[in-house]
1. When only C-alpha pairs under 8 Å and at least 6 residues apart count, what is the relative contact order of the range B:1-78, in percent?
2. Please work out the FRET efficiency for the pair B:Glu10 and A:Glu116, using the Cβ-Cβ distance as r and a Förster radius of 30 Å; give the result to the nearest 0.05.
3. Mind computing the radius of gyration and Dmax over the alpha-carbon atoms of chain B? Å is fine for both.
4. Choose one of A:Ala12, A:Cys66, A:Met30: the residue whose Cα lies farthest towards the positive end of the charge dipole of the range A:1-74 (beta-carbon charges +1 Lys, Arg; -1 Asp, Glu; about the Cα centre).
5. State in Å² the accessible area per residue of chain B; use a 1.4 Å probe, count heavy atoms of protein chains only, and round to the nearest integer.
6. If you take the charge dipole of the range B:83-129 about its Cα centre, with +1 on Lys and Arg Cβ and -1 on Asp and Glu Cβ, which of B:Ala120, B:Gln105, B:Leu83 is farthest toward its positive end?
7. Nm distances between the label at B:Glu65 and the same-position labels in the remaining copies, 7 Å along Cα→Cβ, shortest first?
8. For A:Ala120, place a label point 7 Å from Cα along the Cα-to-Cβ direction in every copy; what are the distances to the other copies, in nm, shortest first?
2 protein chains.
Amino acid sequence: MAAKTYSISELARELDVTTRTIRFYEEQGMLTPTRRGQERIYTPRDRVALKLILRGKRIGFSLAECKTLIELYDPQGDNRNQLTLMLGKIAERRLQLEQQLLDIQQMQLELDTAEERCRAALQQIPEAG
Amino acid sequence: MAAKTYSISELARELDVTTRTIRFYEEQGMLTPTRRGQERIYTPRDRVALKLILRGKRIGFSLAECKTLIELYDPQGDNRNQLTLMLGKIAERRLQLEQQLLDIQQMQLELDTAEERCRAALQQIPEAG
DNA sequence: TGTAGCGTTGACGTTTACGTAAGCGTGCTG
DNA sequence: CAGCACGCTTACGTAAACGTCAACGCTACA
């Protein structure tokens, strides 16, 4: 059974990006859809890669960093060195993610106090019109 | 007692950015140090603002977004509309942070399986030299 | 048959976030 | 007093991440 495939505009609609963006990611070697003639055909695997990219971007990774995320996902590891390198990259990412968690928690705290200040200030205003 | 102040290079060293970057943030209206002649003098408040910017950047906020973070921190709220607007912005940020938490958790899971695959593959390799 | 929708390939434009270099003043210090 | 560290402004350069045409090909369909 042939797995489902997607057109570029299907993917674009579903994941809320432009087709230009998808083609750009391909230019950068982050996606490698097959072709039917000229037309790009995307597999579920391509779709996953694209989602990885977008998720990475949401937490501020550069496209280059997203690319390594895809490499982590792809089972390309064949020799010992590659694999050890890969484990290193993974550990690096973990550290980065943990820093981001701290940053987010810190920001949430700051939003708490900001909101408190706002509400307090609103209390001070009798009943503005 | 006058609070501590900082020179631009002190801040740069401590927070690991270039002086160029600090001046750039000022150009963008995100920092407003006082002057002693030409020289910029930074207060602890400026330092906090800078830290907010850097933290924001680490989790992928644009400088424009970081600027609103600073506004949230600054008690500039004086009239009712401003304050209500501010509360809206705060709520927005919260949603964004929660999405980022989800993204990070998801990535951590993916790193888990990536690491597992790596280790499994390493087991397969007898004892490469 | 034309026109609307989907796809393609260039190629140039734009915004963001700084880097880099030139040229200058200030203040210590060997 | 030469040189170095530190600071300033002005201004051009640049990499990343797309946006925005232009010009074209297929297919369906009213």
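1. With pairs under 8 Å counted, the relative contact order is 27 percent.
2. Values: r = 32 Å, r/R0 = 1.05.
The computed FRET efficiency comes out at 0.40.
3. Computed over the Cα atoms of chain B, radius of gyration and Dmax are 21.5, 72 Å.
4. Final value for the positive-end residue is A:Ala12.
5. On the way: 7780 Å² over 129 residues.
Ligands and nucleic acids excluded, the figure is 60 Å² per residue.
6. Final value for the positive-end residue is B:Leu83.
7. Counterpart label points of B:Glu65 in the remaining copies fall at 1.2 nm.
8. Sorted ascending, the copy-to-copy spacings read 5.5 nm.
The values are calculated or read from the model by the stated rules, or taken from the named source; none is laboratory data. Nothing here was measured: the structure is a model prediction, and the numbers come from that model. Every residue, glycine among them, receives a Cβ derived from its backbone with ideal geometry; neighbour counts consider all protein chains shown. Side chains included, ligands, DNA and RNA excluded: accessible areas come from the protein's heavy atoms. Shrake-Rupley method; radii C 1.70, N 1.55, O 1.52, S 1.80 Å.
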